[in-house]
Amino acid sequence: MAFPSASRAPRWYGIPARVGLLTFLGTLLSFAFSLLFGIVGTVVVSASLHLHPDMTVAYRRIAFPAACVGGILTFVFSLVTEVRHFRRSKTLSALERMG
């Protein structure tokens, strides 16, 4: 007994939502990790020089530029992946309808 397929044709308007969500999460994660490493690096350098650590350096000079670069890379990679997935799903859906 053959079961009817439950798959539907892919929708293009899901791509910007997924890309936006992944870009936001990637930017947030890259900011968090770069801030952590920036704070640790600032504390280590200031301790070795016997100075008080200036945490604004960790935010302004390390974490923010790293988050910008991480956000751009996440946007590009997620956009390429989602477009590739959409085209593959569209092709498979068309083949399924044919056969």
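The values are calculated or read from the model by the stated rules, or taken from the named source; none is laboratory data. Values in this document were obtained by computation on a predicted structure and should not be read as measured data. As a convention, Cβ positions derive from the backbone with ideal geometry for all residues, glycine included, and neighbour counts pool all protein chains shown.
A few notes on this one:
- Selected residue (criterion: surrounded by the fewest Cβ atoms within 10 Å (Cβ to Cβ)) from residues of region 73-97 that are within 14 Å of F24 (Cα to Cα) and aromatic (F, W, Y): F77
- Among the conditions (1) surrounded by 14 or more Cβ atoms within 10 Å (Cβ to Cβ); (2) within 20 Å of F31 (Cα to Cα), T56 misses just one, which is (1).
- Meets criteria (out of contact with any Phe, Trp or Tyr (no Cβ under 7 Å at 6 or more places or on another chain) and not in a helix (DSSP H, G or I)) for H52: yes
- Among the residues making up region 59-72, a single one is of a type in the set (V, I, T) and over 19 Å from F24 (Cβ atoms): I62.
- Tabulated pairs, region 14-26, first assigned to a helix (DSSP H, G or I), second at pLDDT 95 or above and polar (S, T, N, Q), C-beta under 7 angstrom, 6+ apart or interchain: V19/S78; L22/T74; L22/S78; T23/T74; T23/S78; G26/T74
- Looking only at residues in region 33-53 that are small (G, A, S) and surrounded by 12 or more Cβ atoms within 10 Å (Cβ to Cβ), the one that is nearest to the chain's Cα centre (by Cα) is S34.
- Pairs with Cβ under 7 Å, 6+ apart, first in region 34-45 and within 19 Å of G70 (Cα to Cα) and modelled with pLDDT of 95 or more, second assigned to a helix (DSSP H, G or I) and among the small types (G, A, S): S34/A63; S34/A66; S34/A67; L35/A58; L35/A63; G38/A58; G38/A63; I39/A58
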